[in-house]
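Following: one structure in structure tokens, then a few remarks.
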Amino acid sequence: MIEKLLHKYWQGESSQEEEKQLRELLQRDDTPEEYWKYREMFAFYETESGKKRQKKQGIFFFLGKTNRRLWQIGISVAAAIVMLVYLNLDQPPQEKTTFSDPEVEFAYEETKKALMLMSQKMNGSKKHTRKIRKVKSLTDVFTIVNKTDNRN
Amino acid sequence: MKQYIFLLIGLLSLNLLPSRLHAQNDIIDRLMDQYAENDDFTQIRISPSLIRLFASKEKKGDEKFADAIDQMKGLRLISGETANGYRHFDDVVNSLDRSQYEELMSMKDEDENLLFLVKPSDIPGKVSELIMVIGGQDSFFLMSLDGQLDLESIAKIGESMDIDGMENLERLEELEEDDEGEH
């Protein structure tokens with residue numbers, strides 16, 4: 001009997017009833033030793049397939065066909081948004097102006113340019129040194145400032 | 001005592017007391033007024049409140065300017081294409097009160113005359129005004145910074161551009177160390 005049921009099971013032809021029957025048969029004390037190995041397996045299968053069926057029924061019961069559709073759409077939209085955000089985060093920060101008022105921004109840029117020019121000239125721009133008649137270096141600069149300190 | 005206070009108030013109202021904050025009605029302002037209508041000249045005047053606005057913003061990548069801007073109270077500059085570049089240069093040099101301004105650095109070459117002047121500040125190591133004048137065959141440039149300026153902060157801005165500048169700054173640092181040794 002067990003042999004027959006097992007055969008049916010492996011063929012995928014057994015019904016739920018037959019599987020249940022098979023399980024019961026296997027669990028019995030007088031089951032031949034050769035079938036003992038199947039005991040746990042069928043105990044396991046019973047539970048799993050039973051669970052699966054219950055689950056399936058549960059979902060269907062909860063959502064219904066239309067709602068499930070909406071959920072699918074909702075989740076894919078959410079996923080798309082998450083992807084967009086994630087991709088945008090990777091982009092380098094865009095260079096923005098420091099000041100909202102463009103005139104202030106312009107004045108700021110001009111100030112920086114002027115400072116840069118002054119600084120470069122101070123550092124002795126090499127461009128015009130072909131015929132230098134009179135040059136004082138920055139070492140003299142510091143000397144002059146120090147002299148002022150002593151005066152005060 | 002009362003008389004003294006009245007005298008003080010009187011002097012204040014006449015603005016006879018020396019004041020660091022009093023805007024200089026000097027050669028720079030005069031030149032700027034003179035060329036106000038002249039399209040060949042560009043004039044920029046940055047007020048203390050505008051400088052404060054610059055200083056109040058934290059900026060990435062502009063750190064080399066941050067020190068200088070913090071120290072500044074104002075900026076005036078006039079720049080233009082003119083055949084009279086050398087003449088304006090001489091005008092400025094002659095008009096600036098030499099008791100107030102000290103010559104810092106000068107350079108003459110075939111293209112232009114360059115001069116830096118400073119007005120020393122009460123604070124040691126700082127200047128209250130830094131003036132740069134450049135007179136050339138076809139151009140003139142005059143710029144004045146005021147505030148409590150540390151020359152090294154300003155020199156630092158352009159140092160990465162010029163290897164020569166680096167050498168000068170290094171010599172400057174050596175001098176500083178020497179001075180510390182003396183004290």
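Take the Cα of B:Arg87, step 7 Å toward its Cβ, do the same at B:Asp29, and the gap between the two points is 2.5 nm. Would you mind giving the total buried accessible surface between chains B and A, with a 1.4 Å probe and ligands, DNA and RNA left out, rounded to the nearest 100 Å²? Using a 1.4 Å probe on protein heavy atoms, the buried area is about 4700 Å². Which shape class applies to the range B:58-127: rounded if a/c is under 1.5, otherwise prolate when a/b exceeds b/c and oblate if not, where a ≥ b ≥ c are the square roots of the Cα gyration tensor eigenvalues? It comes out oblate by the Cα gyration axes. Each of A:Glu109 and B:Glu110 was given a label point 7 Å from its Cα along the Cα-to-Cβ line. The distance between the two points is 3.5 nm.
Under the combined filter of DSSP loop state and at most 11 neighbouring Cβ atoms within 10 Å, the range B:32-99 retains these trypsin sites (Lys or Arg not before Pro): B:Lys60, B:Arg98. Applying 1/(1 + (r/R0)^6) with R0 = 56 Å to the Cβ-Cβ distance of B:Gln137 and A:Asn88 gives a FRET efficiency near 0.55. Working from label points 7 Å from Cα in the Cα-to-Cβ sense, the A:Ile81 to B:Thr42 distance is 5.0 nm.
The values are calculated or read from the model by the stated rules, or taken from the named source; none is laboratory data. Remember, it's a predicted structure, so these values are computed and weren't measured experimentally. So basically every Cβ, Gly included, is an ideal-geometry build from the backbone, and we count neighbours across all protein chains shown. When the accessible area is computed, the model is the full protein with side chains, heavy atoms only, and any ligands, DNA or RNA have been set aside. Shrake-Rupley method; radii C 1.70, N 1.55, O 1.52, S 1.80 Å.
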